[in-house]
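What follows is a single structure, written as structure tokens, with notes after it.
The values are calculated or read from the model by the stated rules, or taken from the named source; none is laboratory data. Not measured: the values here are computed from a predicted model. So basically every Cβ, Gly included, is an ideal-geometry build from the backbone, and we count neighbours across all protein chains shown. When the accessible area is computed, the model is the full protein with side chains, heavy atoms only, and any ligands, DNA or RNA have been set aside. Shrake-Rupley method; radii C 1.70, N 1.55, O 1.52, S 1.80 Å.
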Amino acid sequence: MTHDHDLVLRPTAAETSAALNPPPGRNGGDLVVETLTGLGATTVFGLPGQHALGMFDALRRSDLRYIGLRVENNAGFAADAYGRITGEAAPLLLSTGPGALTSLAALQEAAAASAPVLAISSQIPTAGLGGGRHGYLHELPDQQASFRGVVKSVHTVRTQSQIPSAIAAAWESALTVPHGPVWVEIPQDVLLAETSLPVVTALDATPEDVVPRPELTAVAAHLLSNAARPAIIAGGGVVRADAAGKLRALAEKLDAPVITTFGGKGAFPWEHPLSLQSWLEDRHTTDFLEDADVLLVVGSGLGELSSNYHTFKPRGRVIQIEADLGKLESNHPALGIHADARLALSALLETAEERTDPTAADRVRTVLTRVRERIAAQELTLEQDVLASVRRALPDDSPSFWDMTILAYWAWSAFDPRSSNSMHSAQGAGGLGYGFPAALGAAAADPTRPVLAVSGDGGALYSIAELATAKQYGLNVTWLIVDDGGYGILREYMTDTFGEATATELSRPDYVALAESFGVPGVRTTRETLEVDLAKALATPGPSVVLLPAVLRMFAPTHLG
């Protein structure tokens, strides 16, 4: 009798010959790039460094496209965006010690936003491992330890034969929901040594689905079908699972209003009659959600930004669908369903009964009217005009990447992304410098569409070096820099709290002249000409900079009163 587990794939004669006679001149770095190619990678990001040269030497013998950035942190942001746009694990090649450590802030953002990044770093030679302080260049007592609290998983290699399996395991980890960054480290001597191992060909790193338990979805469907005032909070997990269509179908079946978190922008149509849009930092919205007798939370942990700074206190029954087990019921008691958002929404669609609520759309309109009236009373027309100009100038299908800056905080609440998986920011970890390098990664992922990056002048200074990257690779990114002379939001926070601001004012360059020194076109715009200048820049292939000198203000918060 033959059992399935007895079946093995037999190599052909040609495959056997190739395995027995691998091409000469290969090293451990070739095993890295062959494994990445076998897993389906097409593009890698990174920076070369002394210990990592074996990997970079192998790149020229491969078909992988290399995008080299100027700072490791920015390379990490580019890989993060590539992963968000494609849903593939984005390889990030780094060198030991300082090079590796400089990527940490980007990997933290990837972890917070569930972006699949496959970071592969070199390590000091094998003889120096073990924390013995041998004095090798870039030596750390335990390099892995710096990454364990940031990434999903750490994978170490000590021999060449371990390379394919370690990278395949890391790839699978990065793409198992929730997606996230992973870390592989390989010693310098292992990368440089000549190898007689066969060319890497057959690899299987298919991630397993996180399937909802049927008894839990049955209870959830019953609660939603019989609710008097159901509501839905849709987070980034809906976008990452490509489940916007399922969400809309369920909301319409239940007549349930939907609000998207800042990470879930685009998960639900902005102008839909059931859309509460994204006004989470507003007490009117918070009150509405607290009044729901059944609240379905999909793909969100209801963290600080998604809960109006933890002032949200639900009074009804909460159902939480979350792929990240650590976020399940981490902030509120709930019927917790550990599952991929798409699979769980599919199960609810099949089992929930249709309900009709003729008041739902009216209640949504009432909330949005109250929000608009609150904002209108604060005389913030400049900010609304600027955001509206950006929206009109940006093509509907173009992705946008926003740094931590006042215009981005407005966009979190007030910007219509017009499509799923198109608006991204660093709101996961909240570090500066994300917008422009991330936009470069998105442009590398899809060169057919212009990409918008938005930064303040403070955040822009983190990324100026990447103008050289944009020019070198001809990446189709328009960078809007809002120049207010400093760290605008920190100026506002400090003035409101202490009466005056300290350490927030910046001496900065002429950004237009600086862009042009890199060979990148730049234009200084105004509130009145922004839409035309931005649209023209976006319509022109290649990188460009649009500078808007403006002091913007935030709308008043509601969580402090």
Worksheet item: Does the range 105-155 hold any residues that are free of Cβ contacts under 8 Å to residues at least 24 places away in the same chain and of a type in the set (Ser, Thr, Tyr), and which are they?
Response: 136
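For the range 71-93, indicate whether the set of residues that are more than 19 Å from the chain's Cα centre (by Cα) and over 25 Å from residue 301 (Cβ atoms) is non-empty. Outline the logic, then answer.
Narrowing the range 71-93 to residues more than 19 Å from the chain's Cα centre (by Cα): none.
Taking every residue of the range 71-93 in turn, none turns out to be more than 19 Å from the chain's Cα centre (by Cα) and over 25 Å from residue 301 (Cβ atoms).
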Item to complete: Search the range 81-103 for residues being closer than 16 Å to residue 153 by Cα and of a type outside the set (A, V, I, L, M, F, W, C), and hand back the single one that is surrounded by the most Cβ atoms within 10 Å (Cβ to Cβ).
Response: 91
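Considering only residues that are touching an Asp or Glu at 6+ places or on another chain (Cβ under 8 Å), part of a helix (DSSP H, G or I) and surrounded by 24 or more Cβ atoms within 10 Å (Cβ to Cβ), which ones fall in the range 450-461? If you could, list the steps in order and put the result at the bottom.
In the first step, residues of the range 450-461 are kept if they are touching an Asp or Glu at 6+ places or on another chain (Cβ under 8 Å); the result is 453-457, 459-460.
Checking which are part of a helix (DSSP H, G or I) leaves us with 457, 459-460.
Matches in the range 450-461: 459, 460.
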Item to complete: Restricting attention to the range 303-335, report how many residues are open to solvent by 20 Å² or more (accessible area, probe 1.4 Å), out of contact with any His (no Cβ under 9 Å at 6 or more places or on another chain) and in contact (Cβ under 8 Å) with a residue 60 or more places away in the chain.
Response: 5
Worksheet item: Within the range 518-538, how many residues are outside any helix (DSSP H, G or I) and open to solvent by less than 70 Å² (accessible area, probe 1.4 Å)?
Response: 8
Practice prompt. Scan the range 336-346 for residues that are open to solvent by 20 Å² or more (accessible area, probe 1.4 Å) and not in a strand (DSSP E or B) and jot them down.
Written response: 340, 342, 343, 346
Item to complete: State the number of residues belonging to the range 431-449 that are touching a residue at least 40 places away in the same chain (Cβ under 8 Å) and surrounded by fewer than 24 Cβ atoms within 10 Å (Cβ to Cβ).
Response: 4
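Results for (1) β-branched (Val, Ile, Thr); (2) within 13 Å of the chain's Cα centre (by Cα); (3) over 29 Å from residue 342 (Cα atoms), shown as yes or no for each residue.
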| residue | (1), (2), (3) |
| --- | --- |
| 398 | no, no, no |
| 404 | no, no, yes |
| 407 | no, no, yes |
| 411 | no, no, no |
| 430 | no, yes, no |
| 444 | no, no, no |
| 460 | no, no, yes |
| 483 | no, no, yes |
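Quick grid of which residues meet (1) at pLDDT below 95; (2) over 25 Å from residue 195 (Cα atoms); (3) open to solvent by 10 Å² or more (accessible area, probe 1.4 Å):
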{"site": "21", "(1), (2), (3)": "yes, no, yes"}
{"site": "34", "(1), (2), (3)": "no, no, yes"}
{"site": "38", "(1), (2), (3)": "no, no, yes"}
{"site": "48", "(1), (2), (3)": "no, no, yes"}
{"site": "59", "(1), (2), (3)": "no, no, yes"}
{"site": "77", "(1), (2), (3)": "no, yes, no"}
{"site": "105", "(1), (2), (3)": "no, yes, yes"}
Discussion item. I'm checking my understanding of the structure. Among residues of the range 386-430 that are open to solvent by 10 Å² or more (accessible area, probe 1.4 Å) and charged (D, E, K, R), which one is nearest to residue 285 (Cα to Cα)?
Written reply: 416
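Give me the residue from the range 480-492 that is touching a Leu at 6+ places or on another chain (Cβ under 8 Å) and of a type outside the set (Asp, Glu) and, out of that set, most open to solvent (accessible area, probe 1.4 Å). Walk me through it before giving the result.
At the first step, the residues of the range 480-492 found to be touching a Leu at 6+ places or on another chain (Cβ under 8 Å) are 480-488.
From what is left, the residues that are of a type outside the set (Asp, Glu) are 480-482, 485-488.
On the way: 480: 0, 481: 2, 482: 11, 485: 7, 486: 4, 487: 63, 488: 14 Å².
Among residues in the range 480-492 that are touching a Leu at 6+ places or on another chain (Cβ under 8 Å) and of a type outside the set (Asp, Glu), the one most open to solvent (accessible area, probe 1.4 Å) is 487.
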Worksheet item: Can you name every residue in the range 135-181 that is of a type in the set (A, V, I, L, M, F, W, C), part of a helix (DSSP H, G or I) and either out of contact with any strand residue (DSSP E or B) (no Cβ under 7 Å at 6 or more places or on another chain) or over 25 Å from residue 34 (Cβ atoms) (or both)?
Response: 145, 168, 175
Worksheet, complete the sentence: Of the conditions (1) over 26 Å from residue 102 (Cα atoms); (2) open to solvent by less than 50 Å² (accessible area, probe 1.4 Å); (3) part of a helix (DSSP H, G or I), the single one that residue 495 does not satisfy is (2)
Item to complete: Check whether at least one residue in the range 73-83 is closer than 18 Å to residue 185 by Cβ and of a type in the set (A, V, I, L, M), and report yes or no.
Response: yes
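Would you mind listing the helices (runs of 4 or more DSSP H) fully within the range 48-134 where at least 1 residues are more than 30 Å from residue 243 (Cβ to Cβ) and among the acidic types (Asp, Glu)? Spell out the reasoning first.
Working: elements: 53-59, 72-86, 98-102, 104-113.
The helices (runs of 4 or more DSSP H) meeting that bar are 53-59, 72-86.
Only one of 491, 449, 508 is more than 22 Å from residue 262 (Cα to Cα) and modelled with pLDDT under 95; which?
Working: 491 fails: modelled with pLDDT under 95; 449 fails: modelled with pLDDT under 95.
Answer to the selection: 508.
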Fill in: Where residue 541 falls short, out of the listed (1) more than 22 Å from residue 436 (Cβ to Cβ); (2) at pLDDT 95 or above; (3) in a loop (DSSP other than H, G, I, E, B)
(1)
Practice prompt. Please go through the range 55-75 and pick out each residue that is more than 30 Å from residue 23 (Cα to Cα) and without any contact (Cβ under 8 Å) to a residue 60 or more places away in the chain.
Written response: 72
